[in-house]
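First comes the structure, then the notes that go with it.
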Amino acid sequence: MPLSPLDIRHQEFSSQMFGYSKKEVRALLEQIADEMETAFQAKERELLKAQQMQYEVKQEAVQASNAVEDLKRREELISRTLVFAEKTKADIIGNARKEAENIIHEAELKAKRVIQETKQYLNVLDHQYMHLKEQKRQFLMQFRVELQTFMDRIGKDPLLTKDAEQMLDSEFKRIKEEIQPQIGQNTEPNPPQK
């Protein structure tokens, strides 16, 4: 048998030594009862809406039966119109077929012309692509040779080897030591010799 909100509110439990708190159980029962009450009220509103909809459907059915009679009269008029439309349709279809055949023929001619032009354009693009590819290959080969030449020159530079760098440093130091006493004696700068 389903419980009602009232059954839940008046539910009693036996107490035990370390049982649940009566206050908490009572609060939970009140909350459940409130939610059930809300659900029952919503169900009643839905039931009322359903009854209202049934009434409206019956009213619409009466209106629909009146509309059916009106539709029968219109149907007769439409059937006469359809007979006339069928005759007109046959004429229109015949003309449309002829026009469609002409359009298709023109479209096929245009398509052939476009395909031919596209093939020619693709041939030009292919030629240009091959030419550019060859130019790139030549450039890369020439650049590789020049780059290798620069790498060889850089590799031979004396500053890249420690021995040559130390030799150049000591040579510079020696020249500097030779020139410094001369600079100290002459306060006037010497004009550069040509």
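From the list 28, 6, which one is without any contact (Cβ under 8 Å) to a residue 12 or more places away in the chain, among the aliphatic types (A, V, I, L, M) and part of a helix (DSSP H, G or I)?
Details: 6 fails: without any contact (Cβ under 8 Å) to a residue 12 or more places away in the chain.
Being without any contact (Cβ under 8 Å) to a residue 12 or more places away in the chain, among the aliphatic types (A, V, I, L, M) and part of a helix (DSSP H, G or I) holds for just one of 28, 6, which is 28.
Pairs only if they're at least six apart or on different chains, beta carbon under 7 angstrom, first in segment 33-62 and closer than 30 Å to residue 10 by Cα, second at pLDDT below 90 and of a type in the set (Lys, Arg); list them, first residue then second.
33/9
Which one of the conditions (1) surrounded by 10 or more Cβ atoms within 10 Å (Cβ to Cβ); (2) part of a helix (DSSP H, G or I) does residue 19 fail to meet, given that it meets all the rest?
So the condition that residue 19 fails would be (2).
Among the residues in segment 74-95, are any at pLDDT below 90, within 51 Å of the chain's Cα centre (by Cα), charged (D, E, K, R) and surrounded by 10 or more Cβ atoms within 10 Å (Cβ to Cβ)?
There is at least one residue in segment 74-95 that is at pLDDT below 90, within 51 Å of the chain's Cα centre (by Cα), charged (D, E, K, R) and surrounded by 10 or more Cβ atoms within 10 Å (Cβ to Cβ).
The values are calculated or read from the model by the stated rules, or taken from the named source; none is laboratory data. Because the structure is predicted, anything quoted here is derived from the model rather than measured. All Cβ positions, glycine included, derive from the backbone under ideal geometry; neighbour counts span all protein chains shown.
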